[in-house]
Amino acid sequence: MGKYDDLETTAQRVYKCLRERVGDTPQFIRYAEIAEEVGRTRSSVAYAMGVLIRAGKVSVSNNKITVRK
């Protein structure tokens, strides 16, 4: 297992969590809530969110998260 494999897993967990919680309606969700749900630290979730945003999987506008499928 490589050094960054766990980060990919974190991004996948965060994306799955957001798909389930956000659905089609943009919502405000604290990173701490996501972290608790996926079993990671808040900083890991923040990093994973950056990965997902750059990949075009999620966007954040006015503090609300939108999931792209």
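Summary of computed values
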quantity	calculated
Under the Karplus curve 6.51 cos²θ - 1.76 cosθ + 1.60, θ = phi - 60°, whole-Hz ³J(HN,Hα) for segment 10-18, x wherever Gly or Pro sits	4, 4, 5, 5, 5, 4, 4, 4, 5
Whole-number percent relative contact order across the chain, with pairs defined as alpha carbons under 8 Å at least 6 apart	38 percent
Amide H within-cut-off set for Ile65, under 5 Å, with H built and near neighbours excluded	Gln27, Phe28, Ile29
Sorted peptide list for 14-27, 44-57, criterion being average Cβ within 10 angstrom, highest first	44-57, 14-27
Mean residue ellipticity (222 nm) of the chain, computed from DSSP H runs ≥ 4 via -39,500 (n - 2.57), nearest 500	-18000 deg cm²/dmol
Accessible surface of the chain [probe 1.4 Å, protein heavy atoms]: carbon and sulfur percent	47 percent
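The values are calculated or read from the model by the stated rules, or taken from the named source; none is laboratory data. A quick note: this is a predicted structure, and the numbers were derived from the prediction, not measured. Methodologically, a virtual Cβ is constructed for each residue, glycine included, from the backbone with ideal geometry; neighbour enumeration extends over all protein chains shown. The accessibility values were calculated without ligands, DNA or RNA, using every heavy atom of the protein model including side chains. Shrake-Rupley method; radii C 1.70, N 1.55, O 1.52, S 1.80 Å.
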